[in-house]
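Here the structure is laid out as structure tokens; the discussion comes afterwards.
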Amino acid sequence: MKDRLLGLVPSRFNLIQGGNDPKDNEKNNIFSFPEIHEEVEDENEEDDENEDESKLGVESPNNRNRSKFERYKDKTKRIVPKKRKKKPRLQQASIFKVYDDCRQDSLTVQVIRLFKECFESVGLHLVLVPYPVISNRTGLDAAVGGIIHVVPDCQSRDQMGKAGAKTLLQAFTNRFGAADSSSFAKAQDNFSRSAAAYAVICYLLLIKDRHNGNLLIDSLGHLIHIDFGFILGISPGGNLGFETAAFKLTREMVEVLGGEESEAFHLFMERCVQGFLASRQLIEPVMALVASMADSE
């Protein structure tokens, strides 16, 4: 039995009987662990060092996982997750219409999107702004209506007049600076690009009812058309004889472009011609899109 117990003892352990002679230790069955005693002494020395470091606020590898040596401020930084910054929500204003057919607006916006992609594909920097329009029916009587997104950062010509701008040129100079400034020249060029693009659209789709409430100017000077209830000879009243112009180009628009003899006005006419030529490749897509809406009820 004695031999079996001794066989379980690791070879590094020594047997002692109070004496220091190794031969005497082998004769007795008292266990002593000198190596372990040395390790314990080393750990005690390290604990003393850790306590000194913890007083200084230093986190050593040995006491890293011991909360009693960790400051509360450091512990909360490690445990409490950091709050993520909330992304700002994009707010989009919309108009909800009932008993007002929005199918023509939806069709026109889809055609405008086709022209926008066409101009970009051929390298023409003509500006069009198609905005989302959803046509639907609501209520128990399935009344026609829809949802129209509001174009942001814009002001209608009618609003400009109510704000005190007697002419469109005055509204541009009030917002973009004097007519000889670089900021005005940039806004004038943006106006020319967008006015030429919408001139092509209005001519091909016979868009009418272009009053000051349907003409918008954005923060960069672009001209934007909205509200397409009068297209392709269709109108609520059935009479489009009151408007004979091919597209909307008023005297004050020409004044913003610098007059009929200015370089900016001639560049506007060139852009109109380029837009008409580029739109030839859209004959079939536009006809297919309009035909798909012809029998809509």
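The values are calculated or read from the model by the stated rules, or taken from the named source; none is laboratory data. Keep in mind that this is a model prediction, so the values were computed, not measured. Methodologically, a virtual Cβ is constructed for each residue, glycine included, from the backbone with ideal geometry; neighbour enumeration extends over all protein chains shown.
Residue count for the range 69-98 satisfying the condition of being of a type in the set (Phe, Trp, Tyr) and at pLDDT below 70: 1. Are any of the residues in the range 164-183 within 27 Å of Pro285 (Cα to Cα), in the same structural domain as Val290 (by TED's automatic domain parsing), in a helix (DSSP H, G or I) and in contact (Cβ under 8 Å) with a residue 24 or more places away in the chain? So far as the range 164-183 goes, no, none of its residues is within 27 Å of Pro285 (Cα to Cα), in the same structural domain as Val290 (by TED's automatic domain parsing), in a helix (DSSP H, G or I) and in contact (Cβ under 8 Å) with a residue 24 or more places away in the chain. Going by what's in this entry, would Ser156 be described as of a type outside the set (D, E, K, R), assigned by TED's automatic domain parsing to the domain that holds Val254 and within 30 Å of Met293 (Cβ to Cβ)? For Ser156, the condition - of a type outside the set (D, E, K, R), assigned by TED's automatic domain parsing to the domain that holds Val254 and within 30 Å of Met293 (Cβ to Cβ) - is met. State yes or no: is Phe242 over 32 Å from the mean Cα position of the chain (by Cα), modelled with pLDDT of 90 or more and more than 22 Å from Asn174 (Cβ to Cβ)? The answer is no for Phe242. Among the criteria (1) in a helix (DSSP H, G or I); (2) free of Cβ contacts under 8 Å to residues at least 60 places away in the same chain; (3) touching a helix residue (DSSP H, G or I) at 6+ places or on another chain (Cβ under 9 Å), the one Cys202 does not fulfil is (3). Among the residues of the range 126-158, those that are over 18 Å from Ser219 (Cα atoms) and not in a strand (DSSP E or B) comprise Pro132, Gly139, Leu140, Asp141, Ala142. So is Gln170 out of contact with any Pro (no Cβ under 9 Å at 6 or more places or on another chain) and surrounded by fewer than 18 Cβ atoms within 10 Å (Cβ to Cβ) or not? Yes. Any chance the range 214-224 includes a residue that's charged (D, E, K, R), outside any helix (DSSP H, G or I), farther than 23 Å from Asp158 by Cα and at pLDDT 90 or above? Scanning the range 214-224 turns up no residue that is charged (D, E, K, R), outside any helix (DSSP H, G or I), farther than 23 Å from Asp158 by Cα and at pLDDT 90 or above. Residues in the range 180-202 that are touching a Gly at 6+ places or on another chain (Cβ under 8 Å) and hydrophobic (A, V, I, L, M, F, W, C): Phe184, Ala187, Phe191, Ala196, Ala197, Ala199, Val200.
Restricting Arg251, Arg271, Arg210, Arg193 to those that are of a type in the set (Lys, Arg) and over 33 Å from the mean Cα position of the chain (by Cα) reduces the list to Arg251. Whether a residue is part of a loop (DSSP other than H, G, I, E, B) and either crowded, with 17+ Cβ neighbours inside 10 Å or of a type in the set (Val, Ile, Thr) (or both) was assessed, and Ala187 does not pass this test.
Going by the conditions given, is Asp218 among the acidic types (Asp, Glu) and free of Cβ contacts under 8 Å to residues at least 24 places away in the same chain? Spelling it out, it is not the case that Asp218 is among the acidic types (Asp, Glu) and free of Cβ contacts under 8 Å to residues at least 24 places away in the same chain. Residues that are closer than 28 Å to Cys102 by Cβ, among the hydroxyl-bearing types (Ser, Thr, Tyr) and surrounded by 14 or more Cβ atoms within 10 Å (Cβ to Cβ) within the range 260-297 comprise just one, Ser279.
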